[in-house]
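Written below as structure tokens is the structure these notes are about.
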Amino acid sequence: MIAKKLLLILVLLIAPSINATAAINITVQTSNGADINSIAASLGGTVVDSMPGGAYLLSVASMPTGPLPKGVESIEQNTLLILPRFKGAALSTSSGSGTLPWYANQPAMQLVRSELARTRSTGRGVIIADINAAIDVSHPALRGHLTGGYDFVGSGSPRTRVGATLDQATSSYLDQSTASFLDQSTASFLDQSTASFLDQSTASFLDQSTASFLDQSTASFLDQSTASFLDSGSAGHGHATMVAGIMVAIAPDALIMPLRAFDDSGTGDAFQVAKAIRYAVRNGAQIINLSLGLSDQSKTVQAAIAFAAANNVIVVASAGNSDSAASQYPAVLPGVLGVAAADRNDLKATFSNYGESVFVTAPGVNIVTAYPGNGYAVASGTSFSAAFVSAEAALIRSLTANGVADAIAGSSVNIDGLNSSYAGQLGYGRIDLYAALTSQFQTTVQGPASRQTDRYIVMFRPGNSKADRQATASQHGASVRFNYDVVDAIAISVPSQAALAMMRNDNKVLEVIPDRPVFLLGGAGGGGAVTTSQVTPAGVTKVGVPTTTSNGAGIGVAVVDTGIDFKQTDLAPATQSFTAFGTSCQDDNGHGTHVAGTIAALSNTIGVVGVAPQSKPYCVKVLDSLGNGTDSTIIAGLDWIYNNANLVTPVIRVANMSFGRIGTISDNSAYRTAVQRLYNMGIVMVVAAGNDRTREVSQIVPSAYPEVINVASTSALNGTTACKTSRSTIAADTASYFTTDGLLNLTTTVGVTVSAPGEDKEDINSSCAAVSTGILSLKLGGGTIRYSGTSMAAPHVAGVVARMMQAGTSGVENIRTKLRSSAQKVGTAPLNSIITGYTFDGEREGIAKAP
Ligand SMILES: [Ca+2]
Ligand SMILES: [Ca+2]
């Protein structure tokens, strides 16, 4: 059992004492070309340090008062920083290292599906800068995983930190050897039971892992020259080694750039951290890990983080270990992914901060990792949670340069239900590394890493007019992005967390909701096509080719998407209706044009013919050229439909929504309310079920809403095979390899209503893998192209619904019933896939059929 190991409990607390002295250090931000020497003279100070970007550290007698000297943009006192407290236990184990540390599959890493994630990405080609204290570069778990770093503490002329001295007594453990560190803790070990410290899963993991541990030594690359500074004299300091040990286990092919900005006492300052951030950006880091907290806001650090963001560098920071909702810097800053800690059961760690500083939550309790002196330790703290997210960012960044933060957010698991006291305060939820790397996020997340921390949706109490809402926002310094009619809400951006807090505390305000990113649910599948005459796509044939009496005539269909290509002759009847971006509804992505073509491409001599060629497409642009949008842009599109559906000719009776995000039925009451209002108007919202077969529609928004018609994807045609070991093929009407599904609950009406083609077919190639041939439809810029996805299945049903309405059926539930009663192959289709991982959801709801 665990007791046979030497387990040493210790609690590391770092607390500096500040002694008042005569001089202080200030950071002076100069404007371009300013002479720092004359500025220093005018302030009566001396220059201590400098960094690129025109920031200087000056020692002065007292904080300057009065007007700023010429050439100075701002002055702030240099903030003293200390590394966060953490709790840990040293493990005495004779462990060496393989390429992957022995603790890589510990329970916390199983929880976030780290092993599965490594089948998709190992972080190759990505550099994670870790701004921390000294690291044990010779640790076997870190060998071969480090790249050249920099020592901001020991390099150059050491500057004296004037204005604060450190009480050596509280930090003495850092100066001691690992041996004495362990000796000291023996006493506390005897006083505590190991069982109470470790959760059962960690304890049993340790018991198994060390027994079967293989002593593999690897002759790995290590640049000793750049690393030599790191192992000088502070082997006892564990923080940096422990953080790096986690990142190595999750992203073994990423390289860690150790940047030492904290001395052996665990103390640094804002100027050093800012300098290290800028160094990381200039030296090629794509991710910066900040397992640290500032006691106060620092413009110098904020400017460095903005510099990182402007260079597409992801910055991750720990949310802090004070069990507090107070803002923690830098985690709370725009452009920083703040990370809270949770335990093995997804319960918020008792010590973890929560609230606005939190972007996501990650394991941070009883984490096994490397410890200086070839040792290992079990530790708890948000420092370690941040390391998980930095490593996750590296896995994604290895595959795609953009959209990293969105992928992390969109794939996280909402854990509010398990943490009701902290609902809405644990960010997007607990990370899931494998989900972050699934094809849905890989292929559709292309936009800039747009964590729009300043964007929120604000629900007002009923009775507050649009003018009231506008005035409330102005009063608190928020700017209004959308002011809705469909729901008593506005979408805002806030200049600061203080402004957000004022909005939240205003008694007119009911709720403040994060403005979450939304993803398209379809993309290129099987290339394009050039045709000289009109083609009837296989999916249109499957659901029923239009006739002279069944063609959607007189029915308006809102295409809520990336826009419509108005140069496409096949979509000539389309009108510019609404755009959440700029002034034009012109498609600049291609997704919306493809969807619109499946619904309504004219029956003529060119391109394709849609399911309902006489229906009228209305262009409602809620996603930008990269397919990026948020809940607020979606609601803005629904708001336009709400206001205009009955004013236009023909009236809008159907809306196609081929997008989604991970979420729940209750995570955005404004979005849900807007959908309910449209439902009550009799507008049929046809929604793509989702492209993640590991999820249910109940885990995707808006699919989780009972008001919508969810459409899962099937293949339209029989596939072929080139596989030599099996001659089986994938038949028409088989569940697509990517489709999300979910049994329709007839009471709640949550679930998949019907299936429809989201791809032409799935062939099996010579490697015996399935290859999708997409749905043929219209291409942005002219001609046709094939796309696959549930995005393509939904518009087939939107066209079918238009034809049902043309034939006299109205009311959303009447349509739902009709779609199900008239479906083809009910009880037979979707067929189980013979090759992919589709698991039957309990109902074969059939393939949609037009009247
Ligand atoms: Ca046509
Ligand atoms: Ca089903």
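The values are calculated or read from the model by the stated rules, or taken from the named source; none is laboratory data. Computed from a prediction, not measured in an experiment: that's the story for all the values here. No Cβ is skipped: glycine too gets one built from the backbone with ideal geometry, and neighbour counts run over all protein chains shown. Quick note on the areas: whole protein, heavy atoms, side chains included, nothing else; ligands and nucleic acids left out. Shrake-Rupley method; radii C 1.70, N 1.55, O 1.52, S 1.80 Å.
If you go through segment 399-415 one residue at a time, do you hit one that is touching a Ser or Thr at 6+ places or on another chain (Cβ under 7 Å) and of a type in the set (Val, Ile, Thr)?
The answer is yes, given that some residue of segment 399-415 is touching a Ser or Thr at 6+ places or on another chain (Cβ under 7 Å) and of a type in the set (Val, Ile, Thr).
I'd like to know if segment 782-798 contains one or more residues that are at pLDDT 95 or above and either among the hydroxyl-bearing types (Ser, Thr, Tyr) or open to solvent by 40 Å² or more (accessible area, probe 1.4 Å) (or both).
no
Given (1) under 28 Å from Ile815 (Cβ atoms); (2) surrounded by fewer than 24 Cβ atoms within 10 Å (Cβ to Cβ), identify the lone condition not met by Ile764.
Here Ile764 clears every test but (1).
Taking Ser496 and the conditions (1) more than 25 Å from the chain's Cα centre (by Cα); (2) hydroxyl-bearing (Ser, Thr, Tyr); (3) not assigned by TED's automatic domain parsing to the domain that holds Ala716, which numbered condition does it fall short on, given that it satisfies the others?
(1)
With the structure loaded, tell me whether Gly827 is surrounded by fewer than 24 Cβ atoms within 10 Å (Cβ to Cβ) and over 34 Å from the mean Cα position of the chain (by Cα) or whether it fails that test.
Values: surrounded by fewer than 24 Cβ atoms within 10 Å (Cβ to Cβ): yes; over 34 Å from the mean Cα position of the chain (by Cα): yes.
So Gly827 fits the description; yes.
Quick check on segment 619-634. Is at least one of its residues in contact (Cβ under 8 Å) with a residue 40 or more places away in the chain, in contact with a helix residue (DSSP H, G or I) (Cβ under 8 Å, 6 or more places away or on another chain), open to solvent by less than 10 Å² (accessible area, probe 1.4 Å) and within 15 Å of ligand 1 (Cβ to nearest atom)?
no
Tell me which residues, restricted to segment 24-53, are part of a loop (DSSP other than H, G, I, E, B) and open to solvent by 20 Å² or more (accessible area, probe 1.4 Å).
The initial filter retains those residues of segment 24-53 that are part of a loop (DSSP other than H, G, I, E, B), namely 31-35, 44-45, 52-53.
Residues satisfying the conditions are Ser31, Asn32, Gly33, Ala34, Asp35, Gly44, Pro52, Gly53.
Is there a residue being β-branched (Val, Ile, Thr), more than 24 Å from the chain's Cα centre (by Cα) and either closer than 24 Å to Asp296 by Cα or at pLDDT 95 or above (or both) anywhere in segment 446-455? Before you say what the answer is, go through the steps one by one.
Let us first name the residues in segment 446-455 that are β-branched (Val, Ile, Thr), namely 453.
After this cut, where a residue has to be more than 24 Å from the chain's Cα centre (by Cα) as well, the list is none.
No, segment 446-455 contains no residue that is β-branched (Val, Ile, Thr), more than 24 Å from the chain's Cα centre (by Cα) and either closer than 24 Å to Asp296 by Cα or at pLDDT 95 or above (or both).
Going by what's in this entry, would Val654 be described as away from ligand 1 (no atom under 16 Å from the Cβ) and either modelled with pLDDT under 95 or not in a helix (DSSP H, G or I) (or both)?
Details: away from ligand 1 (no atom under 16 Å from the Cβ): yes; either modelled with pLDDT under 95 or not in a helix (DSSP H, G or I) (or both): yes.
Answer is yes for this residue.
Step by step: first the residues of segment 567-577, then only those that are open to solvent by 40 Å² or more (accessible area, probe 1.4 Å) and either at pLDDT 95 or above or within 13 Å of ligand 1 (Cβ to nearest atom) (or both), then the one that is farthest from Gln534 (Cα to Cα). Which residue is that?
Looking at the filtered set, the residue picked out is Pro573.
Please tell me if Leu638 is at negative phi and at pLDDT 95 or above. Walk me through how you get there before you give the answer.
Values: at negative phi: yes; at pLDDT 95 or above: yes.
Yes; evaluated as a whole, the condition is true for this residue.
Of Arg693, Arg677, which residue is surrounded by fewer than 24 Cβ atoms within 10 Å (Cβ to Cβ) and within 16 Å of ligand 2 (Cβ to nearest atom)?
On the way: Arg677 fails: within 16 Å of ligand 2 (Cβ to nearest atom).
Only one candidate passes the filter, namely Arg693.
Pull up segment 730-756, narrow it to residues that are crowded, with 21+ Cβ neighbours inside 10 Å and polar (S, T, N, Q), then point me to the one that is nearest to ligand 2 (Cβ to nearest atom).
Ranking the candidates gives Ser755 first.
Whether any residue in segment 589-610 is under 30 Å from Gln425 (Cα atoms), modelled with pLDDT of 95 or more, open to solvent by less than 10 Å² (accessible area, probe 1.4 Å) and more than 16 Å from ligand 1 (Cβ to nearest atom) is what I want to check. Steps first, please.
Here is the first cut: in segment 589-610, the ones under 30 Å from Gln425 (Cα atoms) are none.
The answer is no; no qualifying residue exists.
Looking at (1) in contact with a Phe, Trp or Tyr (Cβ under 9 Å, 6 or more places away or on another chain); (2) under 30 Å from Gln534 (Cβ atoms); (3) modelled with pLDDT of 95 or more; (4) open to solvent by 40 Å² or more (accessible area, probe 1.4 Å), which is the only condition Val648 fails?
(4)
Is it fair to say Asn814 is surrounded by fewer than 19 Cβ atoms within 10 Å (Cβ to Cβ) and outside the structural domain of Ser715 (by TED's automatic domain parsing)? I'd like the intermediate steps shown before the answer.
Numbers: surrounded by fewer than 19 Cβ atoms within 10 Å (Cβ to Cβ): yes; outside the structural domain of Ser715 (by TED's automatic domain parsing): no.
No, not satisfied.
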